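Only one structure is covered here, and it is reproduced in the block below.
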């Protein structure tokens, strides 16, 4: 039976969604939201992991 772990399934779906968003036109709302950067606020402490940096990591298949 082809069972995969939940983490692997989620990673594959994230990569597929990321590819879908990257394929949209540059002026689409989803593409602009993906590339949005905030200014004027600096959090203290360790930088948080961003969704895009996590999605681009090697999948753990």
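Within the stretch 37-61, residues that are within 17 Å of residue 9 (Cα to Cα) reach no partner that is outside any loop (DSSP other than H, G, I, E, B) and modelled with pLDDT under 70 with beta carbons closer than 6 Å at six or more positions or on different chains. Is it the case, given these coordinates, that residue 49 is at pLDDT below 80 and either under 30 Å from residue 5 (Cα atoms) or touching a helix residue (DSSP H, G or I) at 6+ places or on another chain (Cβ under 7 Å) (or both)? Yes.
The values are calculated or read from the model by the stated rules, or taken from the named source; none is laboratory data. Fair warning: this is a prediction, and the values are worked out from it, not measured in the lab. So basically every Cβ, Gly included, is an ideal-geometry build from the backbone, and we count neighbours across all protein chains shown.
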